[in-house]
Structures are given as C-alpha cells and as structure tokens.
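Below: one structure, written as structure tokens.
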Amino acid sequence: MSVNAQAVTALEARHVLQTYKRQPVVFVRGEGTRLFDADGRPYLDFISGIGVVVLGHAHPGLAAVIAEQAKTLVHTSNLYYHPLQGQLAARLAELSGLQRSFFCNSGTEAVEACLKFARRYWYSQGVKDRTGYVALDHGFSGRTMGALSVTANAHYRDPFGPLIPGVTFVSPDDIAGLEAAVTESTAAVIAEPIQGEGGVRPLSPEFAAAIARVTRKTGTLLIADEIQCGLGRTGRPFHYQSLGWTPDLVTVGKAIGSGIPIGAALVAEHVAGQIFAGDHGTTYGGNLLSTRAALYVLEQLAALAPHISETGALFEQQLLDLQRKHPVVTAVRGAGLMRGLELSVDAQPVAAAALEAGLLVNRTAERVVRMLPPLTVSASEIAEAIAILDSALVAVAASTVEVKA
Ligand SMILES: Cc1ncc(COP(=O)(O)O)c(C=O)c1O
C-alpha cells in the first residue's frame, strides 16, 4: 500500500488534537532496529518508540504469538479468569521479588495505581491522614492528574492545577532536603532509579541509599518507577536492584509489551494485604492479548541479558569517545542501553541533523540527546549510529559558530 506523506500530515492537522510536536516523517514499516518512511527510506531507530520496542520492530516471534492469541481469544474483561494473568504475575514476582501484580494499559496507569495503593495501605490501617508523597526534581511519572502531581516539570503541570495536594519535591542532590521532607505524614516516596525524561540522570548511590534509609526509618512506602529504566534496559531485570532498594511498589510499562500496550503495578505482600476487592480496576488491563505478548517478551529478555551488558558497555565507550572529540558534549550519562549525551547547547538541532542523516534519537530536558535503542541492537548498528551522531555534532558545532559570527 503506498502512502502519501503529505496527505497523512494534512489529515492529522485537520482532525488530530495537536498535543504533539511530531518530527517531519511518516513511518509505515519496521524491521529490527530499522524503520522505513513512506518513501521507503530506512532510519536507524535509537529511540524505539521511547524505550518500548525492546525486541525490535516486526519481531517474527512476537508477531506469531500475537496472531495466534488474536485467533484464539483477545479480551474477556476482569469479570472472569483467564490462564495468562497469573502466569505473567508469577514471572514478574520471580524477577522483582514483589509477590503480586495489578495489570493496566500504560505506564501512567501503573503510577496511578501505585499512588492509590500507597494511600490505601495507610487508610486500611486506620492512618487516614498519611496521604503525602515525596517526588524528585526532574522526575517524570506521566500526565494524568495523579501522575502529573508527582511529575516535576512546571511546563506540564502549571496549566492543570490544582493538582493533588501534599506532594513535596526534593532535589536529587539534596539528602538533607530529602530527610526533612519524608516524615510520618508521607504515604510514599516515588522515584525513577534513572530519571529518563528529566535528562537520563541516574540517582547517585548516596542519594539512592538515603532514600532507602529514610523510607525504612519512617516506614514510608517506596515506589520505584521502573517504567523507562526497568526490564533489562540497564542489563538487570530492574535497575533498583543495583541501588540496594527493597521497594514496596514498582511501576512497569513500556518494554513489557514491546509495543503491545500493557503496564503493571507490582505490589509487595504487606501492601497487597491492605488492598481489597473494588479498590481499583480497569476494563482492558491484563487481557489475553497483552499478557500473552508480555509473557513472550519477558522470555526473550531473559536470554538477552548478556547481549545488553556487552552492547551497553560498547555504546558507553563510543559515546565517551564522542565526548572527547566534541567540546559541545558535556556529559555521557545512563547505564546499559539507556544513554544520554548532555550538550552545552539545545539538543534539538543535533536530533534534527541525525534524523536528516537517518538516525532517530530524541531531545529531552532541552540539552540532552536521549537514546533508547531496541535491546536487540547490534554492535555494528551502534557504530553506525555513533558515526551519524559524530557528523551531526560537527554540523551543529559549525552552525553554532556561524550564528555567533
Ligand atoms: C519513568 C516514567 N514513568 C511514567 C511514564 C508514563 O508512561 P506512559 O507514557 O506509558 O503512560 C513514563 C513515560 O515516559 C516514564 O518514563
């Protein structure tokens, strides 16, 4: 089927709510780490649908599983049992150590569920005024009212106030501030082990340890938001496992379906014991299609762990080489296959030059080039991406000089 790119954008401009600033490209097909636009031009995809398509595009095994499930049974609702939710919850329990799962359809919904479960935990025990949350500067947990309330970016928040009250933001550099903010009125602390949208910022080991200490001391629940950094992205099932955390709640999204929408709130048994029938629910969450896809994705991810460690180290090395070569690169951050290049200038021209040259990366937090390739990415694809970034950085440095002159 041929696609007219201009007709696509014109139709969207008339009928799709204009909440996104899309890049000027229409994708129609994918294969592994490549996407193809309406003219058949290939692009190396180092954003993978914002950290989602972990098995690569059009993965034949995933396609077969989805097709088979679609021909068998797609959806029945949560009014009835089906065989797959329990299997997926058991597998997530093995990976995380948190015994129970609540399934939903997106990362944001997983965050909403965890925020509710944290309050319900205290309410069930008669502590009805323990309702506050502590979240972090640069943190991003989604755009619905609850998730937005624990998301730091004023640009996302300000037009939608009043948000839910009782949220205190703390700088991830400020341990004393954290210790002052987390009290016996705090229901939960929510934090991303590596802040994604906020600029690919790993929490420092000291700050992560302070979160563990202060939550333990006050009995406050800890919600690890693993939606972007979890499920293999950094080489481990969950990144909190490298921080010495024992979270009470964990949010899961993005990678778990490799493109089939599914999210999960993982819940430790002591919290689960305070949640009761009717406390939360969803029509689609955990249906047969999405749980079947997720079971398949988790099976594939287990086999990919050594590959992720190897390619992640290689990727870091080559990004550090770029930093040595280009003064405009001020930092290389991240872990595994979640990487950010911080620049001394706006990252948008670099992302645009990369797109022009056939590489998809994403600008976040203004000065950061974010990269989240499929977890199947090869060493030669990494080398190819680095070569394109190298040229994009040269082009942007040259144009910056021109502007100054
Ligand atoms: C850490 C984190 N939490 C929550 C979300 C929201 O997830 P979703 O966009 O799937 O609703 C995101 C999405 O980027 C995220 O990175």
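Out of the residues in the stretch 199-227 that are part of a helix (DSSP H, G or I) and among the hydroxyl-bearing types (Ser, Thr, Tyr), which is surrounded by the fewest Cβ atoms within 10 Å (Cβ to Cβ)? Write out each step before concluding.
Of the stretch 199-227, the ones part of a helix (DSSP H, G or I) are 205-218.
Checking the rest, the ones that are also among the hydroxyl-bearing types (Ser, Thr, Tyr) come to 215, 218.
Details: THR215: 24, THR218: 16.
That would be THR218.
Condition first: among the β-branched types (Val, Ile, Thr) and either buried (at least 17 other Cβ atoms within 10 Å of the Cβ) or free of Cβ contacts under 8 Å to residues at least 40 places away in the same chain (or both). Now tell me which residues in the stretch 365-400 satisfy that. Please lay out each step first, then the result.
Quick first cut of the stretch 365-400, residues among the β-branched types (Val, Ile, Thr) only: 368-369, 376-377, 382, 386, 388, 394, 396, 400.
VAL368, VAL369, THR376, VAL377, ILE382, ILE386, ILE388, VAL396, listed by residue number.
Cβ-Cβ under 9 Å, sequence separation 6+ or interchain: first residue in the stretch 71-95 and part of a helix (DSSP H, G or I), partner open to solvent by 40 Å² or more (accessible area, probe 1.4 Å) and among the small types (Gly, Ala, Ser). Which pairs?
Correct list of pairs: LEU95/ALA302.
List pairs: first residue in the stretch 98-112 and under 16 Å from LEU231 (Cα atoms), second residue among the basic types (Lys, Arg) and near the ligand (Cβ under 7 Å from one of its atoms) anywhere in the structure, Cβ distance under 8 angstrom, at least six positions apart or on different chains.
What qualifies is GLY107/LYS254.
Given the stretch 103-198, what strands (runs of 3 or more DSSP E) lie entirely inside it while holding 2 or more residues that are crowded, with 24+ Cβ neighbours inside 10 Å and in the same structural domain as GLY232 (by TED's automatic domain parsing)?
Numbers: elements: 132-136, 167-170, 186-191.
Per the criteria, 132-136, 186-191.
Of the conditions (1) part of a loop (DSSP other than H, G, I, E, B); (2) within 16 Å of the ligand (Cβ to nearest atom), VAL25 fails just one. Which one is it?
Here VAL25 clears every test but (2).
Mind checking which residues of the stretch 270-299 are open to solvent by 40 Å² or more (accessible area, probe 1.4 Å), within 25 Å of ASP248 (Cβ to Cβ) and assigned to a helix (DSSP H, G or I)?
Scanning the stretch 270-299 gives a single hit, HIS270.
Among residues belonging to the stretch 366-395 that are within 20 Å of ARG324 (Cα to Cα) and not in a helix (DSSP H, G or I), point out the one that is farthest from the chain's Cα centre (by Cα). Before you say what the answer is, go through the steps one by one.
Kept after step one, since they are within 20 Å of ARG324 (Cα to Cα), are these residues of the stretch 366-395: 367-371, 382-395.
Checking the rest, the ones that are also not in a helix (DSSP H, G or I) come to 367-371.
Numbers: ARG367: 19, VAL368: 16, VAL369: 15, ARG370: 12, MET371: 12 Å.
Selected residue: ARG367.
The values are calculated or read from the model by the stated rules, or taken from the named source; none is laboratory data. If you're wondering where the values come from, they're calculated on a predicted model, not measured in any experiment. Don't worry about glycine lacking a Cβ; one is built from the backbone with ideal geometry, like all the others, and counts go over all protein chains shown. For accessibility, only protein heavy atoms count, side chains too; no ligands or nucleic acids. Shrake-Rupley method; radii C 1.70, N 1.55, O 1.52, S 1.80 Å.
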